[in-house]
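Each remark here refers to the structure printed beneath this line.
The values are calculated or read from the model by the stated rules, or taken from the named source; none is laboratory data. Just so it is clear, the model here is predicted, and its values are computed rather than measured. Reconstructed Cβ throughout: ideal geometry from the backbone, glycine too, with neighbour counts over all protein chains shown.
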């Protein structure tokens, strides 16, 4: 059977465009981790411990929490600290961020202060019957624009971490940072926005500043509100999500423009990746250097 030449030419063009699209998508996410994200000989390792928490503020929810204590902590030193949403992925030393590894390396080289870190998973509601599935509470906790999540941190998690591990955590908001991805990114911003007296540093990766639960309103709120004492790092990828809730790259650019208008201490890095942690993980050591610059000086 013979095909018309026009059909073959069209088929060739379609195949070529598909190949180009696939190659471009692959290249966009072709980020690699640098040496600061790898274990180094001679660098002391901090300790990571885990516990389970049943919340009262998010009634009926259970979650895992991990706590990183820097190497050789003497229990007398007051530590700055970071909180990470979706903690299980952030604490994992095989994933994109490898936070304990990066903290070990950068504090050892005195590029950031020695930090404690608290990694918190979103809550789940246990199933009511055997064989049932737990109900995920992530979007309600992370995407809601209220002070509920930051109250959960201040009233439940921080007191328990201090009690359980004997850590002395700074009360200075400039020494308290909060970080997250996607909905965890907007959650981090909301916590500091609601309580800048408690959290003075924010890291948002691929932040969901879109209309999931009203997050698209933040650029207007930032422009119309007196500047708050928050340092903000934003990261996104040019091929991030575009769906019924909004366009993630555009939303993050709007956030950056609003922060610039209000003269915030902020940085926005737009890469080529999609809705994942590859780009943010590859630049995470530099993110921490920027975030903690000048602290303690």
Condition met for residue 192 (modelled with pLDDT of 95 or more, under 27 Å from residue 50 (Cβ atoms), part of a strand (DSSP E or B) and more than 10 Å from the chain's Cα centre (by Cα)): no
Candidate set from segment 108-122 (those that are within 22 Å of the chain's Cα centre (by Cα) and outside any strand (DSSP E or B)); member that is surrounded by the fewest Cβ atoms within 10 Å (Cβ to Cβ): 111
Which numbered condition residue 55 misses (of (1) exposed (fewer than 13 other Cβ atoms within 10 Å of the Cβ); (2) under 24 Å from the mean Cα position of the chain (by Cα); (3) at pLDDT 85 or above): (1)
Filter result (buried (at least 17 other Cβ atoms within 10 Å of the Cβ) and under 17 Å from residue 216 (Cα atoms)) within segment 250-267: 251, 252, 253, 254, 255, 256, 258, 259
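Residue-wise test of (1) touching a helix residue (DSSP H, G or I) at 6+ places or on another chain (Cβ under 8 Å); (2) under 23 Å from residue 282 (Cβ atoms).
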| position | (1), (2) |
| --- | --- |
| 89 | no, yes |
| 105 | yes, yes |
| 115 | yes, yes |
| 126 | no, no |
| 146 | yes, no |
Complete set of residues in segment 123-171 that are at pLDDT 95 or above, outside any helix (DSSP H, G or I) and in contact with a strand residue (DSSP E or B) (Cβ under 9 Å, 6 or more places away or on another chain): 123, 124, 125, 135, 136, 137, 167, 168, 169, 170, 171
Residue in segment 219-238 that is closer than 18 Å to residue 139 by Cα and touching a residue at least 12 places away in the same chain (Cβ under 8 Å) present: no
Test: residue in segment 25-36 that is surrounded by 12 or more Cβ atoms within 10 Å (Cβ to Cβ) and closer than 17 Å to residue 154 by Cα: no
